[in-house]
1. Take residue 222 and tell me if it is aliphatic (A, V, I, L, M), touching a Ser or Thr at 6+ places or on another chain (Cβ under 9 Å) and either surrounded by fewer than 21 Cβ atoms within 10 Å (Cβ to Cβ) or in the same structural domain as residue 141 (by TED's automatic domain parsing) (or both).
2. I'm told residue 136 meets every condition in (1) modelled with pLDDT of 90 or more; (2) not assigned by TED's automatic domain parsing to the domain that holds residue 285 except one. Can you identify the failing condition by its number?
3. Could you please find all residues in the stretch 76-95 being in a helix (DSSP H, G or I) and surrounded by 17 or more Cβ atoms within 10 Å (Cβ to Cβ)?
4. For residue 47, all conditions in the list (1) under 22 Å from residue 281 (Cα atoms); (2) outside the structural domain of residue 286 (by TED's automatic domain parsing) hold save one; what is the number of the exception?
5. For the stretch 174-186, what are the residues that are buried (at least 16 other Cβ atoms within 10 Å of the Cβ) and either in contact (Cβ under 8 Å) with a residue 60 or more places away in the chain or of a type in the set (S, T, N, Q) (or both)?
6. Which of the residues spanning the stretch 225-250 are surrounded by fewer than 20 Cβ atoms within 10 Å (Cβ to Cβ), in a loop (DSSP other than H, G, I, E, B) and at pLDDT 95 or above?
7. Go through the stretch 50-75 and give me each residue that's surrounded by 13 or more Cβ atoms within 10 Å (Cβ to Cβ) and either β-branched (Val, Ile, Thr) or closer than 30 Å to residue 280 by Cβ (or both).
8. Of everything in the stretch 251-266, what is part of a strand (DSSP E or B) and of a type in the set (Gly, Ala, Ser)? Give them in sequence order.
Amino acid sequence: MAVAETLHFGKAANRLSMTQPPLSQSIKALEAEIGSSLFTRTNRSVALTPLGAEWLGPVRAALDSVETLAGLAQRIRSGDAGRLEVSFVSTADYNILPALVQRFRYLYPSVELLLTEATSDVQISTLLEGKGNVGIIIRPGPADLPRGLSYRKLVCESLIAAVPENWITQGRITPVKGRLTSAAMTSSPLVVFPRRVAPSFYDLVMDYYAARGGDVHIIQHAIQMQTIISLVSAGMGIALVPASMRHLARSGVVYLALERKAPQLESGILWRDRDSTSTLANFRRMATASRVKTRLTKT
């Protein structure tokens, strides 16, 4: 490119801070490699061949791209570029995830954000295998958080009941002041996550039933919250779900508050202690910022 722009080997060598002979040898080697002349040389002048003139544009573009690599490295180091792999539980669709994605996209528009839905147990296993960067999960119990992973709380929300609408119209369940009575709850079949998927969520529901003095009749397990709500709509049973599930309007389902003080379901982020990825550090800092947490809580 230097020779093409100056059309003078001496001036090009001076621009490149080198002597002319090795520059001439480099041009000859390049011409031998592509199998064609790039310059027409005489004792008095140097001119581009038609091939050389056509090739100059792509060469200049390629060199411009190379010159941007240093800046790109700096942006990757600061977390303003690169990629971030985020996994999330199905409940996050209705509370945490939208606000986090919107805020992160706004702050870091050049970062490639890869989202994958997965249950809490799968996310833990995936992170332990060194895959992905951060998970949005239901709070793990102390015994369920393996060494090498860290968790930070983001939001808590009350559990409510999802009830088949026709059970109410048929008189099978009679809400009291818009609430599901403990008697109706404990006498109804329950659709719930299996314990292996989210132990703390499962235990929260079981403990609440125990505190109400009733036995639990689990009619069906399901690992996706949308599936649980669909099974409720089909009249299979009731379900205790996060309050944010009210955002999922499903025909045949009515959401009711619980009769007494409802249990609180906590969700947060999970990551590998040794993951020093800058995009992860930025995501953690953003997710735990007070204004984002406030927005999540209101949601």
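The values are calculated or read from the model by the stated rules, or taken from the named source; none is laboratory data. Quick caveat, the model's predicted, so the values are computed rather than measured. Cβ: placed from backbone, ideal geometry, glycine included. Neighbour counts: every protein chain shown.
1. So residue 222 fits the description; yes.
2. Going through (1) modelled with pLDDT of 90 or more; (2) not assigned by TED's automatic domain parsing to the domain that holds residue 285 one by one, residue 136 breaks only (2).
3. Here is the first cut: in the stretch 76-95, the residues in a helix (DSSP H, G or I) are 76-78, 90-94.
Hits for the stretch 76-95 are 76, 90, 91, 92, 93, 94.
4. (1)
5. Step one: list which residues in the stretch 174-186 are buried (at least 16 other Cβ atoms within 10 Å of the Cβ), which gives 175, 179-182, 184-186.
Scanning the stretch 174-186 gives 175, 179, 180, 181, 182, 185, 186.
6. 234, 235, 236
7. 59, 72, 75
8. Residues of the stretch 251-266 part of a strand (DSSP E or B): 253-258, 264-266.
Result: 257, single match.
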